[in-house]
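Structure first, commentary second.
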Amino acid sequence: MAPQHRRVRTRTMAVGAAAFVVSAALAAGPTAGAVGADGSRPVLPGTTEPAARAVPTPPVPTPGISAPEIPRLPGFPEIPAIPGLPVLHPPAPAPSSAPPRDGGVPAFGAFLASDERGVARMEELSRWLGGAELRVGHTYLPGNRWSDIEGDVRFLEAWARWRNADDDRMLVLNVPLQERNEAGVSDEDVRRLLRRGAAGEFDHHFRALAERLVDLKVPDTVLVLGWEMNGVTYTHRCGPDPQAWKEYWNRIVATMRAVPGQEFKFDFTPSRGRDAVPWTECYPGDDTVDIVGMDSYDQPAGMSFDEQVREPYGLQAHVDFAKAHGKPISYPEWGLFRNGDNPEYMRRMLAWMDEHRPLYNTVTDYCPHGVWQCDDNPGSSRVYKSVLQGRTHDSDPDATPAPSAPPGELPPDTCSPLDLGGLVEYWLGGRLCLRFDWWSRGR
């Protein structure tokens, strides 16, 4: 695939105290205006442009002082209770997650569009997440013609500028292994193409791509070669001839590594589960694989997250395989799918990645998979935002992690959280939640 409740615990306060808090918050100034998106939806390589859809306008967070910087005064009196003014208490800390690269949290990002629109949306998504640091940009080369695979596409320049604006950023590029990659080529033709590739006939196309990326000053790009090879969708699939597929992969890696100045990382990424062929049959070897990835969507219909973990060639098998081969893991594509808006999946998948610490992950953010550019998944969107709100990658992993949403909980539909800033919320012990039904309470 690709180009495939929080129940609120409340505390109440006196009306006078609430008025003081609101006045203090207003005195600090209004929230800054947010920049809107372009209103269009992303298009994956090989697909047609869908109807325009408004992208949610990401709010700019109110500046505030973080809780650890403000000492609590001894003996500060408890605030008396009054019905109707609940406080959203900070939840228990989420599990810390140490990254393989630099001591902070693992790198994460999103697929937002292949072309320049995806670059522009990175900043917008970061604002929606309260200034979270999106360190991973993810895009796809089209697979229509060999010139596409050689990198003769203008949007690579925009992604290279984004990558080079910050040394901590990572560019992930999906690379098809064949032209006409989504043209429904027969197994017989795929078998012939794989054998031609294994014989070296297509080496020059990948040499051209390597030279293009080095020229753009992104020689450390993560290359997801022939993704989801264990399925039936792509011409670069493995099933018709696994041995030829592995030989072809190895030739591509050797060709690209021979280009002066390259520092590429090669990511072997099947789809979760057995699919058409067990993905372990396609593994080309430890010498040419740097990362063992997995594309994992919430599917098939009715399958729980625990089943996604336990199934043959599933999430646990992926982690175990990578560990046995001494490789880091990744999740280049993940998100919602056959089970609709599924906050439980979203919570569990985020917790899984915090536990297993992939080198990077990028959620697929368009309908039906997404959480920001898709209005069809409001519950999952709130979970994703609450967990990643304000997350950065340069924090001390040994320090107490910032509060995030407790598993499975979201504000009730009758309660709207008020953003009063970090200082005010610290003294309150949580965030004020204004009930929509206050006028009818007691009737």
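Pairs, please: C-beta under 6 Å, at least 6 apart or cross-chain, first residue closer than 17 Å to residue 256 by Cα and in region 166-184, second modelled with pLDDT of 95 or more and among the basic types (Lys, Arg)?
Going by the 6 Å Cβ cut-off, the qualifying pairs are 171/163.
Using the structure shown, decide if residue 284 is at pLDDT 95 or above, surrounded by 21 or more Cβ atoms within 10 Å (Cβ to Cβ) and of a type outside the set (Lys, Arg).
yes
Would you point out which residue out of 375, 290, 341 is under 18 Å from the mean Cα position of the chain (by Cα) and surrounded by 15 or more Cβ atoms within 10 Å (Cβ to Cβ)?
341
Taking only region 312-337 into account, find how many residues are in a loop (DSSP other than H, G, I, E, B), of a type outside the set (D, E, K, R), more than 12 Å from residue 270 (Cα to Cα) and open to solvent by 20 Å² or more (accessible area, probe 1.4 Å).
So the count comes out to 5.
Please specify each residue of region 173-201 satisfying the condition of being assigned to a loop (DSSP other than H, G, I, E, B), of a type in the set (A, V, I, L, M, F, W, C) and open to solvent by 10 Å² or more (accessible area, probe 1.4 Å).
Once the filter is applied, which keeps residues that are assigned to a loop (DSSP other than H, G, I, E, B), of a type in the set (A, V, I, L, M, F, W, C) and open to solvent by 10 Å² or more (accessible area, probe 1.4 Å), region 173-201 yields 183, 185, 199.
Could you please find all residues in region 288-311 being assigned to a loop (DSSP other than H, G, I, E, B) and either of a type in the set (Lys, Arg) or within 24 Å of residue 225 (Cβ to Cβ) (or both)?
Residues satisfying the conditions are 288, 289, 290, 294, 299.
The values are calculated or read from the model by the stated rules, or taken from the named source; none is laboratory data. Remember, predicted model here, so these are calculated numbers, not experimental data. Please note: Cβ atoms are built from the backbone with ideal geometry, for glycine as well, and neighbour counts cover all protein chains shown. When the accessible area is computed, the model is the full protein with side chains, heavy atoms only, and any ligands, DNA or RNA have been set aside. Shrake-Rupley method; radii C 1.70, N 1.55, O 1.52, S 1.80 Å.
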